[in-house]
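A quick write-up on the structure given underneath.
The values are calculated or read from the model by the stated rules, or taken from the named source; none is laboratory data. As the structure is a prediction and not an experimental result, all values here were calculated from the model. Cβ coordinates were reconstructed from backbone atoms using ideal geometry, including for glycine residues, and neighbour counts include every protein chain displayed. SASA here: full protein model, heavy atoms, side chains in, ligands and nucleic acids out. Shrake-Rupley method; radii C 1.70, N 1.55, O 1.52, S 1.80 Å.
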Amino acid sequence: MLDFFAIFTKGGIVLWCFQSTTQNFTASVNALIKNVILQERGINTFNDNRLSLQYKLDNEFDLVFIVAYDKILKLSYVDKFLNDIHLEFRDKYKNELARADYFQDYSFSEGFNSTLKKAEKWSKQQEQLPKQMKTFEQSSKSKKTVSSMIERKGEEKNTSQKKKEVNFASEEVQTLPDSPKQKLQNGQLDEETLAANRLKFAQKMNKKKQDPKKSPKSPVTEKERAGKKPRIWELSGSNKDLGSLERTTDKPEDMKSHFTPDTEIVGQMKGVIKDLEVESSDEEYIEEEKETNQTSSKGGMFSIFKGLVGSKSLTASDMKPALEKMKDHLIAKNVASDIASKLCDSVANKLEGKVLGTFESIASTVKNTLNDSLVQILSPKRRVDILRDCLEAQRQRRPFVMTFCGVNGVGKSTNLAKICFWLIENNLRVLIAACDTFRAGAVEQLRTHMKHLNALHPPERHNGRTMVQLYEKGYGKDAAGIAMEAIKFARDSSFDVVLVDTAGRMQDNEPLMRSLTKLIKVNEPDLVLFVGEALVGNEAVDQLVKFNQALADYSSNSNPHIIDGIVLTKFDTIDDKVGAAISMTYITGQPIVFVGTGQTYTDLKALNVKAVVHSLMK
């Protein structure tokens, strides 16, 4: 039983509506439009409270078909009903929709009732039929051929030649992408062909040996004779004084750090964080623009005929080969497989029925549409300006609280110190709350960062104010209680920002996830940041989903505080495999606030959306 059905344009004009109850469906429909359709998530079924909503897009006439029903019911005919009602409405009002005449009377009750009855009748018939297994001829294995499994490098496929192929299902001889001399006998090459191939291989190997350019012996350079030199790390002090490594000598106990106030990194991070730079991205953008300009100038004659020639409406079968290649490409770039499938499905939904010009290729259209979708996914859905929020909290005479959470070993404490350095550079006093009371050495690690940061920004530079302070109560204590005391101490001591460091925990550890939920619920931080690695693919999806779900399930609030943003660490270790950024952002819809790229305090960047998408698509 359907509770609600509506047909409206993408501009928001309702053409026809059916409602079987007095319930108000406005909030649920708006949630579907905001969270699924506008974000192009490609989700087939969307749940809102007790309702399940499904939709279908008509990209030719810019229409949206939405159906809603109680999610307790398992209606198997909804997909078929949406397809049938879509065709029924298009066929009946095709002329009016082509003229964009949206303000006439669309009386569609009779067509709706008849289509719904047919779909329900079809569903009952399907339930009565016994389920049968597919035969071998119906499976995809029967379509595999010898040619599809043989890979030959350096040979181009030529359709004009007569070739042979063996179909495993029918065992009939067909075409095979190989030379005409090669023959197949019972799925194997004959002896004459094998001998010819061996001769070619031997000639190739002899040619390599005779090539003087590829001599294995090369003259030894002076650099190699000198041997490998030790690497000199930045900010690590001088390597000449080897006596400083001697541990037996007496040293003053109050020595804080080897950092000095005159270090070059001081003063480099004032203001907004710079965008993440991708190597040679600007040059590639310029080259692409030149190519597009050249093609547009050369194709000027074709653009004249573009509107005159016949056009084609895209179907799912037309886009399937291009989408399959694009899906494999995304997975190779470290995008989670489920996310890659959903992205391709959303592109298919967006392009299905769209009129494609004769001189427009399907592959380029799919690539451009996916590129736009990725930019939309990575772009923040809300304003992200932490400095502005910190100054606003400062005017209200309260500290701005940020909580860091994530799994073990992703770099929460290290990136917390980088963010702390950025805040100090912008003249904000920071209190670090050591709420990781489980891991050995966690408090000492934060204390070391505090000493280094205070050495870089001594009180003399800030009118006698200590810019960083650590609030810690040791190990084995309640993390939520320590965070509460730290926030109170920060308010009394006029600190501007409180950074709460939590213990790393696996996403399926229920006691630790309850403890994290308690800390967030009791202290109500302004920002909850999830720290994740750029190295993970499918694991990022599982981590974010379970962290978000735990924060929602274990909180007794009607509106629980879940993850507000993402800190993506180790971004300098992945080259162009930047798919984790897509996977993490797609799951929560929350922006990537910071990107960690190196080992120094200045290695903190903001996500450059266009550069990341360009690196992902190349």
* Scan of the range 361-384 for residues that are free of Cβ contacts under 8 Å to residues at least 40 places away in the same chain and open to solvent by 20 Å² or more (accessible area, probe 1.4 Å), ordered by number -> S361, S364, N368, D372, R383
* Name the pairs: first residue in the range 265-284 and closer than 30 Å to H452 by Cα and open to solvent by less than 30 Å² (accessible area, probe 1.4 Å), second residue aliphatic (A, V, I, L, M) and at pLDDT below 65, Cβ to Cβ under 8 Å, at least 6 apart or on different chains? -> I265/L235
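Out of all the residues in the range 33-44, is one or more open to solvent by less than 50 Å² (accessible area, probe 1.4 Å), in a loop (DSSP other than H, G, I, E, B), more than 21 Å from A98 (Cα to Cα) and in contact with an Asp or Glu (Cβ under 8 Å, 6 or more places away or on another chain)?
Step one: of the range 33-44, the residues open to solvent by less than 50 Å² (accessible area, probe 1.4 Å) are 33, 36-37, 39-42.
Okay, now just the ones that are also in a loop (DSSP other than H, G, I, E, B), so 39-42.
Next, only the ones that are more than 21 Å from A98 (Cα to Cα) stay: 39-42.
Restricting the remaining residues to those that are in contact with an Asp or Glu (Cβ under 8 Å, 6 or more places away or on another chain) gives 42.
The answer is yes; a qualifying residue exists.
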* Asked: Looking at the range 493-507, is at least one residue free of Cβ contacts under 8 Å to residues at least 24 places away in the same chain and either under 20 Å from N548 (Cβ atoms) or open to solvent by 10 Å² or more (accessible area, probe 1.4 Å) (or both)?
  -> no
* Restricting attention to the range 583-600, does a residue exist that is outside any loop (DSSP other than H, G, I, E, B), free of Cβ contacts under 8 Å to residues at least 24 places away in the same chain and under 15 Å from V410 (Cβ atoms)? -> no
* Structure fact -> For the range 85-105, pairs from a residue that is farther than 12 Å from W16 by Cα to a residue that is open to solvent by 50 Å² or more (accessible area, probe 1.4 Å) and among the polar types (S, T, N, Q), with Cβ under 8 Å and 6 or more apart or across chains, are E96/Q104
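Do we have any residue at all in the range 479-493 that's outside any helix (DSSP H, G or I) and of a type outside the set (G, A, S)? Walk me through it before giving the result.
First pass over the range 479-493, keeping only residues outside any helix (DSSP H, G or I): 493.
Of the ones still in play, those that are also of a type outside the set (G, A, S) are none.
Within the range 479-493, not a single residue is outside any helix (DSSP H, G or I) and of a type outside the set (G, A, S).
Mind counting the residues in the range 570-582 that are of a type in the set (V, I, T) and either in a helix (DSSP H, G or I) or more than 9 Å from A534 (Cβ to Cβ) (or both)? Don't jump to the end; show me each part of the working.
Initially, the range 570-582 is screened for residues of a type in the set (V, I, T), giving 573-574, 578, 582.
Cutting the leftovers down to either in a helix (DSSP H, G or I) or more than 9 Å from A534 (Cβ to Cβ) (or both) gives us 573, 582.
Result for the range 570-582: 2.
I339 - would you say it is touching a Phe, Trp or Tyr at 6+ places or on another chain (Cβ under 9 Å) and at pLDDT below 90?
Details: touching a Phe, Trp or Tyr at 6+ places or on another chain (Cβ under 9 Å): yes; at pLDDT below 90: yes.
Here the answer is yes, as I339 does meet what is asked.
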* Looking only at the range 558-571, decide whether some residue is buried (at least 21 other Cβ atoms within 10 Å of the Cβ), more than 21 Å from the chain's Cα centre (by Cα) and not acidic (D, E). => no
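Pick from the range 574-595 the residues that are β-branched (V, I, T) and over 18 Å from H614 (Cα atoms): which of them is most open to solvent (accessible area, probe 1.4 Å)?
Taking the range 574-595 as the starting set, the residues that turn out to be β-branched (V, I, T) are 574, 578, 582, 585, 587-588, 592-593, 595.
Keeping just the survivors that are over 18 Å from H614 (Cα atoms) gives 587-588, 593.
Working: I587: 51, T588: 28, V593: 22 Å².
Among those residues, the one meeting the criterion is I587.
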